[in-house]
Amino acid sequence: MCLYGYCRISTMKQSLERQIRNIKAEYPNAVVITDTYTGTKTDRPGWVKLYKKVKAGDTVVFDSVSRLSRNAEDGYTLYEELYNRGVELVFLKEPHINTSTYKKALESNIQMTGTNVDFILEGINKYLLSLAKEQIRLAFEQAEKEVQDLHQRTKEGIETARLNGKQIGLPKGTKLTTRKSVEAKEKILKYSKDFNGTMNDEETMIQVGVSRNSFYKYKKELKAEQGRA
């Protein structure tokens, strides 16, 4: 039996370290698998590898249900599939939907009495099972709603900024200067025979270590900066 922790971040603003710390605090021996910048996708490299590896008796720990899935239907289906495979799922922030809790609900049926009361008891058992399933569905639906709310707030924030006259994104015609482009241009100036060097284009490209398209783009910009055609 193996113990895993699964962590993922959907955007750069989220923290893998926080999730790992939370899992390790409760399960210090967990082998942690991570994915980064995944959005709402389930075809995540780390998860796909873990999903294929886990077997009956293994345990997978999540910081929250949203780390398994932020799509309600996909999340519930995945939960049921792993449960049926005998994999234990633990959610630190939503312990009420751990598979152990679900399993307990399935196994704690009220015993039949062999009398007419059994009709009532059978109804209670079905209700308890239905309630357990509904709790799981609600947890994944809440995770999905959080994503939708975030997208809506972002969209509204951008629209508000636009209506207030704020610039959204780079102004038209603005060039984005990166550290990579600055370093590449410095090397082109140094090595290219079109500037201060002695090398031809192919030799300079090797020294600079950029693609052909990037090289000629930077070279064109350098000439424009120097007022050359």
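The values are calculated or read from the model by the stated rules, or taken from the named source; none is laboratory data. Bear in mind that the values here come from a model prediction, so they are computed numbers and not experimental data. Using ideal geometry, Cβ is built from the backbone for each residue, glycine included, and neighbour counts are taken over all protein chains shown. Note: areas computed on protein heavy atoms with side chains; ligands, DNA, RNA excluded. Shrake-Rupley method; radii C 1.70, N 1.55, O 1.52, S 1.80 Å.
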Practice problem: Residues that are within 23 Å of Gln135 (Cβ to Cβ), open to solvent by 50 Å² or more (accessible area, probe 1.4 Å) and not charged (D, E, K, R): find the helices (runs of 4 or more DSSP H) completely inside region 1-95 holding 2 or more of those. | Solution: 72-84
Quiz prompt | Odd one out for Tyr83 among (1) in contact with a Phe, Trp or Tyr (Cβ under 8 Å, 6 or more places away or on another chain); (2) in contact (Cβ under 8 Å) with a residue 24 or more places away in the chain | solution = (2)
Exercise. Under 9 Å between Cβ atoms, at least 6 apart or on separate chains: pull out the pairs that start in region 12-23 with a residue that is of a type in the set (Lys, Arg) and end on any residue that is modelled with pLDDT of 90 or more.
Key: Arg18/Cys7; Arg18/Asp63
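Does Thr59 satisfy the condition of being closer than 17 Å to Met1 by Cα and either of a type in the set (S, T, N, Q) or at pLDDT below 70 (or both)?
Numbers: closer than 17 Å to Met1 by Cα: yes; either of a type in the set (S, T, N, Q) or at pLDDT below 70 (or both): yes.
Answer is yes for this residue.
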